[in-house]
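The values are calculated or read from the model by the stated rules, or taken from the named source; none is laboratory data. Note that this is a predicted model, so its numbers are computed, not measured. Ideal geometry is used to build each Cβ from the backbone, glycine not excepted, and the neighbour counts take in all protein chains shown. What goes into the accessible areas is simple: the full protein's heavy atoms, side chains included, and nothing from ligands, DNA or RNA. Shrake-Rupley method; radii C 1.70, N 1.55, O 1.52, S 1.80 Å.
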Amino acid sequence: MEKLWRPLGHLFLTFFLYNFGTFMVAPTITDVTMFAVCPHQPECSIAIYLTGFQQAVIGLGTLFMMPLVGNLSDRYGRKALLTLPMSLSIIPLAILAYSRSRNFFYAYYVLKTLTSMVCEGSVQCLALAYVADNVPVRRRAAAFGILSGIGSAAFVCGTFIARFLSTASTFQVATAVAIAGTVYMRIFLPDVAVEESLKTPILCRGKEKIVADFPNEISPIKSEQIFKSRPSLRDMLTMLQSSKIFTQAAVVAFFLSLSDAGFQASVTYYLKAEFHFNKDQFADLMVISGVAGTVSQLIVMPILTPFLGEGVLLSVGLFFSCAHIFLYSVAWSFWVPYAASMLSIFFVFSQPCMRTIVSKQVGSCEQGKAQGCISGISSFANVVAPLVFSPLSALFLSDNAPFDFPGFSIMCVGFAMMVAFVQSLMIRVPPPIAEERVDNPNHVDSYA
């Protein structure tokens, strides 16, 4: 047990520090953007379009980067690939830590867009693959839930501290924490050895004979794959087509990410225009949501998963995600978003359960590729979401709206989430693949 949790402990702290620095600035960025672009205005279409454009470009970049990062991590190790996004994420924070004037904001905007093409989702993708490398299949759902809970705890701590700091101090502290997280990871996080003999039931099937034919030399496939840095479209299609459940999970991932990205692109500007929320109210909402989500993922989810299974919990999480979004869209008073945020105790089930279902469809040597494939699909959704929902938000928050419904764009986000919910009801999760052991036939599960 100690052998299992020592590397995961270092990963959890690394993941906490990275997310702490990232989420700490979330409550302030809307105010910073509006002050730089259109100061002293409660509603600003230009700011909405800038945010939407940035999300679309980042999503387009990560669409190509996530499978690449995941595949490279299968080959060169998780730690080596974690270094790049964690280091790059420091640069934009440092710019706004120095100044939030218009020129510095646009420098931040450009660099944040470029660096996030690599950083956005990479750390989560690699952390999930690292957990999958170290945790037996039957414990993986709980471990993924704990990892998500660590992220939620970082979200709570970061946004709570930001509630009491000035804007300048918020970015300065976030920069320091991001640097500390990168240094800690490089010093303490043990890397996972990548075994060349690992096989999976999807993409590695059929290679056994070739490896057997070349027992004392590098096989043609291995020689070819040394130079293969990015999974081909054929590999990704093979992964999707070889498992119906993987395909269904990919559909859920797309609409879940589409909804999440659309909601994030719209909700802060909607609350600022309708209820005049600022940094402090945004932080309060995030703390409420984060506390509920942390308790759920660290306590509730590990208890429920063995009894209900990740398939049922995925549907439960998506159902309450729909309820959460619809409540926001029809909010009739300032307290409704606070009440809706409490539903985080249920809707946080969605991501870890979906990732667990994906993880159980492949073997150890393809965990990075599988998680990267799902992250790439999610990134494509992040491209589509702002192109659809940002113009809707700008239109219905302006004086030129075709009818008086400021939350209309958020309600449309809720309909997209309903598609993910309906698809999740069709997933029938079978027993996990036999890992006793595809990747190591002599493996004995010492953690039973």
Options F144, F171, F188, F104; residue that is of a type in the set (F, W, Y), over 30 Å from F35 (Cα atoms) and modelled with pLDDT of 85 or more: F188
Of all residues making up the stretch 73-89, the number that are surrounded by fewer than 21 Cβ atoms within 10 Å (Cβ to Cβ) and assigned to a helix (DSSP H, G or I): 8
From D260, D280, D235, residue being modelled with pLDDT of 85 or more and open to solvent by 20 Å² or more (accessible area, probe 1.4 Å): D260
Filter pass, L298 being modelled with pLDDT of 85 or more and either open to solvent by 70 Å² or more (accessible area, probe 1.4 Å) or under 29 Å from V429 (Cα atoms) (or both): no
Pair list, Cβ < 6 Å and 6+ apart or interchain, from the stretch 83-95 residues that are under 14 Å from A127 (Cβ atoms) to residues that are among the β-branched types (V, I, T): P85/V118; P85/V123; M86/T182
Residue selected from the stretch 378-396 under the condition buried (at least 24 other Cβ atoms within 10 Å of the Cβ) and at pLDDT 80 or above, by the criterion farthest from the chain's Cα centre (by Cα): S393
Residue count for the stretch 153-167, restricted to those that are touching a residue at least 40 places away in the same chain (Cβ under 8 Å) and outside any helix (DSSP H, G or I): 1
Checking K360 against (1) modelled with pLDDT under 85; (2) open to solvent by less than 10 Å² (accessible area, probe 1.4 Å); (3) over 17 Å from F255 (Cα atoms), the condition it does not meet: (2)
Single residue of the stretch 114-152 satisfying the filter (more than 25 Å from S379 (Cβ to Cβ) and in a helix (DSSP H, G or I)) that is most open to solvent (accessible area, probe 1.4 Å): R138
Residue check for I29: without any contact (Cβ under 8 Å) to a residue 60 or more places away in the chain and either under 27 Å from C157 (Cβ atoms) or not small (G, A, S) (or both): yes
